[in-house]
Structures are given as structure tokens and as C-alpha cells.
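**Student:** Could you have a look at this structure, given as C-alpha cells, before my questions?
The values are calculated or read from the model by the stated rules, or taken from the named source; none is laboratory data. The structure presented is a predicted model; accordingly, all values stated were derived computationally and were not measured. Ideal geometry is used to build each Cβ from the backbone, glycine not excepted, and the neighbour counts take in all protein chains shown. Accessible surface areas use protein heavy atoms only, side chains included; no ligands, DNA or RNA. Shrake-Rupley method; radii C 1.70, N 1.55, O 1.52, S 1.80 Å.
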Amino acid sequence: MRSTSRNALLIVCCVTAAVLFGADYPVAISADATNDGPGPAGECVSGSDFRTNTVLMVAPTTCIAQATPCVTVPFNIIRGDEAQMRAFSVRFTLSAQLQLCEGLASIVQGSYLTGETSFQLIDNGGGTYTVDCAILGLPCGVIAPSGTLFEIQVEAASDGTGTIGIDYVLLRDCGNEPISAAGGDPISITVDMTAPAPVTDASASQVKIGNDGDGTTRIVVDFTPSGDADAFEVYRAPYGSADGTNAYPEYDDMPGAGIPAIPSYPPSAPWALTGIVASGETDEPTERGVWYYVVFSVDLCGNAAASSLTVGTLNYHLGDVAPMETPDNLVETIDISGLGGCYGQPISYGDPRNILDVGPTTSHTTDGRPLTDNLIEFEDLVMFSLNYHAGIGFAGDSPPQVLLGGKGLGGIGLTLAPGSARVRAGQTFTVSILLRGQVEDVHAARTVLSYDPAVLSYEGSSVADPISQATHFFKDLPEQGSIDLGMALLGNDSAIEGEGAIFMARFSALANGDPALALSGTRIRDCENRELSGQGMLPPVAPALEQAPIDYRLGDARPNPFNPRTTILFDLPDAGAVRVQVFDVSGRVVRTLIDATRTAGAHSVEWDGTDDMGHP
């Protein structure tokens, strides 16, 4: 037995009868019953008329389920008379599906009986309990038309339909006389602690065309409904901090940013409920970012099972940066120009130019999360170029296929033509950087051409024909002794096929010597941004610069003596008009062998020992 009495002495105003409650009290008196009992002064009163007072239970509006494991059931009284009610005794029974959440502590006195009271509880066993309560002292009783006698909290003992029934109700007035009372109908509570089967194949993908022009795209969520769920709720959260702060566009730089954890149900921040209720429907977060989705299978009792997280999904096009204030879901020339203006520049956390820092990504594709590296360079260029013409209502040009020539064998790489060699001061020349190997589906390339700045002066560079005729991006980043060269065709299917020149770099020689030309840091990507190159600089494929002499030189005749022919060697540092003549010992011209224009380099001419007339 449990008591909440604040006074050990149970005082009643009618001295002829004590108010005692127990498990063996009779059932409630009917509404038309009469009773003889003591009056206010102790005398007995006969033939009193009683009107029924009813104790009703209020069934909870929710099931007993995972989200609501313990529910409250009030026992309310509805008065049918105005008698002063001093005490009550109510016995109720729980079915096998129900039990008190915390034993007798789950039965709590209500507010109907006021003042000092004694509140007593009895566990009768078998799920049956008796609740007794009486007012101690004065005021004697309550005449309020309704109120709560007590509340109980119940939880699941097993799944099914649980019931609570009132076995009897006994009410007493200030004279300890019975007051007409009855218990209301039993109530039923659905008990379901088993969650439905979870969705096992939730996925999300960016809708890349047909969006509006507000700078964010829709995301479609697909899943196969689990058979025993009654509804599906789809929640989203951004890559960001635990409080829901979105990390865009500085995903790897924002302190504490990360992938959100799968939430419990119902989710709280950073998770937000979307309007998606069926597979194939779309969501459009208003903020740019990388978004994760979880699908909850929910039954009628609110039990829920979570799917796994979808892969992070962008809701904007990487490279859609212009206008800077209001991107428009297009990646076109103005966006490429924005990249070019900052190409090669380092940036830091909080820099507004971080919107350009979109490569590399987690998947190396335009669908991945940018791994912000605080440098605007080749990796960003590839993302921009692959997304060129992406967006709404912008079909763009047919992707060009640039044909350079036949395909070689072996792995793809870059080489120089001509290679490193000695040069002559004042000489100007162009170095070609060639694609070699089994070249196909090349979309972008980058390399660093180094040289000796004491020997060479860099004059400029460009892409070679026919690449220059295609829609492309090119940028050279010169430093002392090196040039970082990057190019990409624009459009996700634009590609180069075959061997040939892609970059042309122009130099002038400051001094005689070896220019130390070399390639490093070569990266060659296909239309899916896969790396194609594994080599640095391949062997030269054209005569090296060492074949171009630094002075005019007339070599020996070989053989000498000769009979009947000899070969005369000579070098030209520059192209131009050349005359080669044979003189006799008196200075007379015997034979003019060459009187024409020749290219720079090593040359030879044969003499058969005859004069201009053909005489020996």
C-alpha cells in the first residue's frame, strides 16, 4: 500500500462512520437507489434521491509504440449531482498486453479532490489495482461538475490491443454516505512496438536539366517501398556542422563540418522533413550544398525504421559561378571567364572566390563533393569544362572531336619537339608539346615546361591547331624558369583523338648553352575525368635543338682526297639564302654547288670534281 497523506490521522466529519476503502467494496450504487444514513448532525436520513456520477477513462490518441512507449490515461469524473464528494475508491484492470510503466509510481493523484488528502494504492495482482482517496479535515467535499481523479501511465507488455476496464466505483459524501456512481466503458489501446521493414535501396540524384534559374537544382529521391509500412517520410540534412550549418562552399575548410549521422525518429536538427512521400518525387533545398537523405518507413502507430544515408548529392552545377550574386543554373562562357580571371591563384578560408574551388571532388566527377584545396587550378578547370553547357534549356553546340593524327602504341603521355639542346644567343624558336601513344577520349591536359632562365626567355604560348579551332579553355602560368600549361575542351563529351601537338611555347635565347627543357607534373584526363597519363616526359619525337648550330660553319669535304666524289658539310644557325662555291688556288670560281634558300641546321652538298661546264 502507498500513501501520500500529509496527516497521519484520517479525520471525517461524520462521527458515526469511518471512511475505509479496500478491495472488497461493493459495486457502484445505481442512479435510482435510495439509502438511509446519518445526516449532517448524525441522524439518519431516509429516501434520499441519487443521480449518477460517472468515472470515465480518456483513451490516448497515440498507440503504445517505439516513439510513445509510455502513455497516460486520465480517470475523470463527470458529476450528475451537486452532493459534496469527500472520497472515492476506483478499481481497474489492465489486460495482458498492458502494464504500469513504473509500478504503483505510475498512478498519480489528480486535482479533483482539493486540500489535504490521503491517496492510497493497492496492487491486487493479475493486473488489477485499487485507488482510494479522501479529503482530510475541512473543507469537507467537492461539488465541481468535472475533474481528474487520478492518472495512470501504461506501457506495452506485448503487442496487440490492450484494454483497461473499470471494475467498480465508490464515492462518499461528507457524511460518509454513498454517492451514486458508475464506471464508464472500457477503453482500447493499440500496442505495437515493432517497426516496419526499412527501405534498403534509397538513392538521390541531381536533376540536371529542366530546373528554374534560381541557382539551385532539384534532387530526385528513389526507393523501393517496404511492404509493411503505411507511409514514408523523407528527411534531408547538409554536409556541415551538427547544428545544421551548411558548409557550402568550403566543405573541407569549415571547422567541424562532416556528413550528418542517421537520426533517430522523429529527427531533429540538422534534419528537415521534405515534401517527398513517394519514390521518384523531387526536393529542392533553397541553399546550395551537398545534401544527404534518409527515408523512414512509418506505420500507423508511428513506429519508424530508417534507411541508410544516400550518397551526398549536389543541388547546383559545379562551375555555375556567374553572376556572382545570383548564379543561374548555367555553366557557360561568363563562368569560364570567371575561372580564367582567378586561375592559378591561391585562396584562403572565407575568401568569396571559394565558389570557384570545385575540384577535385570525392568521385572525381561533377557529381562529387568538392575537396576544397584552396587553389584555383587544373582540377577546377576540369570540373568547369565538363559542366560547360550544363543547365536549363541550353542545348549548346555539338561536342567537338578534335582529330590530331594517327594513334600510336603504348601509354599516353607528353613529349617535347624538339627536345633539350644547345641554343645560340639571339635565336628564337618554338617548342611543341605533343600527345603521344594510344590517344583517344582526351578531354584536358596539364603540364609544367621548365627551362634554364639564364639561357632562355619565355615569349608566350598557345594551343596548337586544330585544338585552337575548337571551343576550349587555355591558360599559361609563367614563373621564373617554368610555365604551367593547362587546357581543356569545353563540353562533357568533347575529346581529342590521335597523336599530335597540343601546346606551342615560344622562346628567345639569351645566351649560348643548354636550355634544359623538361616536362613535369603531367596530367591527362578523359571525358570522365579519369587519369590517362602515367609518364612524365616521353623521349623527343623530332630532331633535337642540338642539330641547330650556334654559328655558320663550313665543314670538311669527305672524303678528301676523293675520286670521283666528295661531300661538303656546312651548318646554318638560321634559315636564309645560301651560296656554296668551289674555287681553285688562283681564286677563280670553278663550280657553284648551291645558290638557293636553305633552312637552319646541318646540310651537305656533293661535288663530283667537275666545273660549271662539266669538265674535270
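**Student:** When the accessible area of region 404-447 is split by element with a 1.4 Å probe, what percent falls to carbon and sulfur?
**Tutor:** Answer for region 404-447 is 47 percent, counting heavy atoms of protein chains only.
**Student:** Hey, got the Cα dimensions of region 122-166 along the principal axes, in Å, largest first?
**Tutor:** Principal-axis extents of region 122-166 (Cα, largest first): 46, 23, 15 Å.
**Student:** Pop the C-beta distance of A511 and T430 into the FRET formula with R0 = 22 Å and round what comes out to the nearest 0.05.
**Tutor:** 0.70
**Student:** How many nm separate the modelled label positions at Q581 and S457, each set 7 Å beyond the Cα in the direction of the Cβ?
**Tutor:** Going from the Q581 label point to the S457 one covers 3.7 nm.
**Student:** I've got another one for you. Rounded to the nearest whole Å², what accessible area per residue is found for region 132-212 with the 1.4 Å probe?
**Tutor:** 38 Å²
**Student:** Over region 449-488, with every protein chain in place, what whole percent of the accessible area is carbon and sulfur at 1.4 Å, could you tell me?
**Tutor:** On the way: 670 of 1650 Å².
Of all accessible area on region 449-488, carbon and sulfur atoms account for 40 percent.
**Student:** Still on this structure: How much accessible surface area, in Å² rounded to 10, belongs to the heavy atoms of L404 with a 1.4 Å probe?
**Tutor:** Approximately 40 Å² of L404 is accessible to the 1.4 Å probe.
**Student:** Using protein chains only and a probe of 1.4 angstrom, how many square angstrom of L517 are accessible, to the nearest 10?
**Tutor:** 10 Å²
**Student:** Additional query: What number results when the radius of gyration of region 308-437, computed over Cα atoms, is divided by 2.2 N^0.38 Å?
**Tutor:** Details: Rg = 19.2 Å, N = 130, 2.2 N^0.38 = 14.0 Å.
Rg over 2.2 N^0.38 Å, computed on Cα atoms: 1.37.
**Student:** ³J(HN,Hα) across region 591-607 via Karplus (A = 6.51, B = -1.76, C = 1.60, θ = phi - 60°), whole Hz, x for Gly/Pro?
**Tutor:** Karplus-based 3J(HN,Hα) across region 591-607 equals 8, 9, 8, 9, 8, 6, 8, 10, 7, 5, x, 8, 9, 8, 9, 9, 10 Hz.
**Student:** Let me ask something else. Top to bottom by accessible area (1.4 Å), largest first, where do F429, F92 land?
**Tutor:** The ranking, largest first, comes out as F429, F92.
**Student:** Under 5 Å between amide hydrogens, which residues at least 5 positions from M85 or on another chain qualify, with H placed 1.01 Å from N in the peptide plane?
**Tutor:** Result for M85 returns V142, I143.
**Student:** List the residues whose amide H sits under 5 Å from the amide H of I496, counting only those 5 or more places along or on another chain, with H placed 1.01 Å from N in the peptide plane.
**Tutor:** V402, D441, V442, H443
**Student:** Apply the Karplus curve 6.51 cos²θ - 1.76 cosθ + 1.60, θ = phi - 60°, to the phi angles in region 70-85 and return the couplings in whole Hz, x for Gly and Pro.
**Tutor:** Using θ = phi - 60°, the values come out as 9, 10, 9, 10, x, 10, 9, 10, 10, 7, x, 9, 10, 5, 6, 8 Hz.
**Student:** Go ahead and collect, in residue order, the members of region 558-580 whose backbone nitrogen is under 17 Å from a label point 7 Å along the Cα-Cβ direction of S604.
**Tutor:** 558-572
**Student:** Now, a different point. When Lys and Arg each count +1 and Asp and Glu each count -1, what net charge do the other residues less than 14 Å away from L409, Cβ to Cβ, add up to?
**Tutor:** Net charge around L409: 0.
**Student:** Along the three principal axes, how long is region 443-521 when you take its alpha carbons, biggest first, rounded to the nearest angstrom?
**Tutor:** Result, largest extent first: 44, 20, 18 Å.
**Student:** Once both labels are modelled 7 Å past Cα along the beta-carbon direction, what's the I262-E325 spacing in nm?
**Tutor:** In this crude label model, I262 to E325 measures out at 4.5 nm.
**Student:** Highest first, please rank the peptides 65-71, 490-496, 264-270 by the mean number of other Cβ atoms sitting within 10 Å of their residues.
**Tutor:** Ranked by mean Cβ neighbours within 10 Å, highest first: 490-496, 65-71, 264-270.
**Student:** A further question on this structure: Sort M193, M85, M254 by accessible area with a 1.4 Å probe, largest first. Intermediate values should be presented prior to the final figure.
**Tutor:** Working: M193 70, M85 0, M254 30 Å².
Reading off the accessible areas and sorting them downward yields M193, M254, M85.
**Student:** Quote the accessible area belonging to H317 in square angstrom, nearest 10, computed with a 1.4 Å probe and with ligands, DNA and RNA left uncounted.
**Tutor:** 0 Å²
**Student:** Express the carbon and sulfur contribution to the solvent-accessible surface of region 123-198 as a percent, rounded to the nearest whole number, probe 1.4 angstrom.
**Tutor:** After summing per-atom areas, the C and S share lands at 51 percent.
**Student:** Rolling a 1.4 angstrom probe over the protein heavy atoms, how many square angstrom per residue are accessible across region 249-367?
**Tutor:** Normalised by residue count, the accessible surface of region 249-367 is 40 Å².
**Student:** When the scattering of region 321-392 is computed by the Debye formula from its Cα atoms alone, each counted once and equally, what is log10 I(q)/I(0) at q = 0.11, 0.26 Å⁻¹?
**Tutor:** With one equal scatterer per Cα and no solvent, log10 I(q)/I(0) is -0.23, -1.33.
**Student:** If you fit an axis through the alpha-carbon atoms of helix 333-342 and take the longest principal axis of the Cα set of the chain, what angle between them do you get, 0 to 90°, nearest 10?
**Tutor:** With rounding to tens, the tilt is 80 degrees.
**Student:** If region 99-214 were replaced by its equivalent ellipsoid, with semi-axes equal to the square roots of 5 times the Cα gyration tensor eigenvalues, what would those be, largest first, whole Å?
**Tutor:** 49, 21, 13
**Student:** Now, a different point. Put a dot 7 Å past each Cα toward the Cβ at T567 and S203; how far apart are the dots in nm?
**Tutor:** Rounded to a tenth, the inter-label distance reads 6.7 nm.
**Student:** Under a 1.4 angstrom probe, counting protein chains only, how are S205, S180 ranked by accessible area, largest first?
**Tutor:** Working: S205 50, S180 0 Å².
Most to least solvent-accessible, the answer reads S205, S180.
**Student:** Relative contact order for the chain: what percent, with Cα pairs under 8 Å and sequence separation of 6 or more?
**Tutor:** 10 percent
**Student:** Kindly provide the Kirkwood hydrodynamic radius of the chain in Å, to one decimal, from all pairs of distinct alpha carbon atoms.
**Tutor:** Taking every pair of different Cα atoms in the chain, averaging 1/r and inverting gives 33.3 Å.
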